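Presented below is the structure to which this report refers.
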Amino acid sequence: LAGLWTVFTLGGVGSKATPQLEQCSPLANQSLLLLLVLANLTDAPDTPNPYRQAIIFGFCISDNTAFSSSNPHAFQINFNSLYTALCEQQKSDQATLLLYMLLHQNSNVRTYVLARTDIENLV
C-alpha cells in the first residue's frame, strides 16, 4: 500500500510520514492508507461506493443515547478521539487527506471541528 500511496502523491512529491511515525504505529498507518483507498474507490453507475458512504457520510457523534439510522452504513464514532488523533498526525499526508475529506463531505465532522475552542491544535 505504501507504493500505491506514492502513486497517489504524484511520485512522492508531498511530505512523507516520518520513519519514526510509521515504526511506532505501522498498523495505524496501514489502516489509514486502506481507509483512504476504500473511501476513494469509484462509484459504480448503479450503486454508490458503500465504503465512501460509511466512511464519509455514515458516521455521527457518539453519545449515550440510543442509535438508530435509516442509513445501512451508519455507525457512531467518538469525535473527540478522532479530533485528537488527527491533530497528532497532521505531519503526514494521509491524515491531512482524511481530515480534508471529512471536513468537506461530512457535516457532522465540520460542525464538531468548528465548535472546538482549541482549533489551533489542528491548524
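Backbone geometry of the stretch 91-105 corresponds, through the Karplus equation with coefficients 6.51, -1.76 and 1.60 at θ = phi - 60°, to 3J(HN,Hα) couplings of 7, 9, 4, 4, 5, 5, 5, 4, 4, 4, 4, 5, 5, 7, 10 Hz, x marking Gly and Pro. One chain, two ends: Ser25 and Phe75. Fully extended at 0.36 nm per residue, the span grows by 15.5 nm beyond their Cα-Cα distance.
Proximity of backbone amide H atoms, modeled 1.01 Å from N, is registered between Phe75 and Phe59, Cys60 at under 5 Å, excluding neighbours fewer than 5 places apart on the same chain.
A short reminder: the numbers here are calculations on the coordinates, not readings from a lab. Keep in mind the model is a prediction, meaning the values are calculated, not measured.
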